[in-house]
1. Would you kindly calculate the translational diffusion coefficient of segment 1-125, applying Stokes-Einstein with the Kirkwood radius from alpha carbon pairs, for 37 °C and a viscosity of 0.692 mPa s, and quote it in µm² s⁻¹ without decimals?
2. In the Gaussian network model of the chain, springs joining C-alpha atoms below 10 Å, which of 132, 183, 121 carries the largest mean-square fluctuation?
3. Looking only at 25, 33, 145, which one moves most when the chain is put into a Gaussian network model with springs between Cα atoms under 10 Å?
4. Suppose R0 equals 25 Å; then what is the FRET efficiency for residue 175 and residue 140 from their Cβ-Cβ distance, rounded to the nearest 0.05?
5. Among 35, 111, 22, which one shows the biggest mean-square fluctuation in a GNM of the chain, springs joining Cα atoms closer than 10 Å?
6. Taking just the C-alpha trace of segment 37-105, give me its Rg and Dmax in Å.
7. How much length would be gained if the chain were fully extended between residue 7 and residue 84, taking 0.36 nm per residue of separation minus their Cα-Cα distance, in nm to one decimal?
8. Taking the alpha-carbon centroid of each part, what is the distance from segment 106-145 to segment 31-105 in angstrom?
């Protein structure tokens, strides 16, 4: 896999840099600037969906964009340092850094947007197919978590056809993130998972009343 010690060093560097890029948490920073601890509000998750619920649309958009760019940057840097292996390793470690950030006591988000950014840098077509799956299931179910879970389940399958070299990393990423979504899965099964307000007409009407 590696030809010499310098290649190993570059691979380790790529993974470490990716991990700490993953540590950057825009929702946590924005919330703190507003005197809010996002880990104690809403779902307690530091991702885009909870940022939307707790901080509003502007904060959610900023969070989404930065989280995606984290994945893109990590993979591109990994590629520059260690080639294809560096890209694959960085895709995994930027996700790990987002979910378990050392600088935030290992309490982060669920990694969906960041992993999408990593996929975008590795194979744009794969990323867009995954985005379409997430969007379709989210629109049908009106639940972002349902879309995310569908995308995770199908990621390794899509990789078989579109990016075979990424299959095993995709399996690891999917398993980890599905475990992080276990509470959502249980709520979906029991019909207790909250819907996104702007997609749920009845909920919106109820609020207006």
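Here, each number is a calculation from the coordinates, and none is a lab measurement. Just so it is clear, the structure is predicted and the values come from calculations on it, not from any experiment. Neighbour counts run over all protein chains shown; Cβ positions are idealised from the backbone, glycine included.
1. For these conditions, the coefficient is 228 µm²/s.
2. In this elastic network of the chain, the residue with the biggest mean-square fluctuation among 132, 183, 121 is 183.
3. Among 25, 33, 145, the largest mean-square fluctuation in the Gaussian network model of the chain belongs to 33.
4. Once the sixth-power term is evaluated, E becomes 0.55.
5. 35
6. Computed over the Cα atoms of segment 37-105, radius of gyration and Dmax are 14.0, 40 Å.
7. Length difference between fully extended and current span is 26.5 nm.
8. Taking the Cα centre of segment 31-105 as reference, the centre of segment 106-145 is 13 Å away.
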